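The values are calculated or read from the model by the stated rules, or taken from the named source; none is laboratory data. From a predicted model like this one, the values you see are computed outputs, not experimental measurements. Glycine also receives a Cβ, built like all others from the backbone with ideal geometry; neighbour counts cover every protein chain displayed. Only protein heavy atoms, including side chains, enter the accessible area calculation; ligands, DNA and RNA are left aside. Shrake-Rupley method; radii C 1.70, N 1.55, O 1.52, S 1.80 Å.
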Amino acid sequence: MSAEDFLESSQLGQTACLILDVRMPGMDGLDLQRRLAETGRRFQFIFMSARASEAEESRALRAGAADSCASP
């Protein structure tokens, strides 16, 4: 399902956690995170990507993502 399809689906109100790729066709995972944050609903996000740039990683972290690979 694309990000655009998800935003228009009945699953939106039944979802608490999303597993997203940073880079997806159409709307990317970071833009979906931003759009959902604008709705005022709280979601948990898990981002996975083989090719995320440092800028994309920083953007996700500033929006509330936690880095499970970070050193303590």
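Structure data summary
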{"item": "Count - residues of region 1-10 that are open to solvent by 80 Å² or more (accessible area, probe 1.4 Å) and either in a helix (DSSP H, G or I) or at pLDDT below 90 (or both)", "result": "2"}
{"item": "Leading residue by the ranking (surrounded by the most Cβ atoms within 10 Å (Cβ to Cβ)) among those in region 11-36 that are over 10 Å from the mean Cα position of the chain (by Cα) and assigned to a helix (DSSP H, G or I)", "result": "LEU12"}
{"item": "Filtered residues of region 48-66 (kept if within 20 Å of GLU38 (Cα to Cα), open to solvent by 60 Å² or more (accessible area, probe 1.4 Å) and of a type outside the set (D, E, K, R))", "result": "LEU61, ALA63, GLY64, ALA66"}
{"item": "Exclusive hit being out of contact with any Ser or Thr (no Cβ under 7 Å at 6 or more places or on another chain) and either closer than 23 Å to ASP67 by Cβ or among the small types (Gly, Ala, Ser) (or both), set LEU12, LEU30, LEU7", "result": "LEU30"}
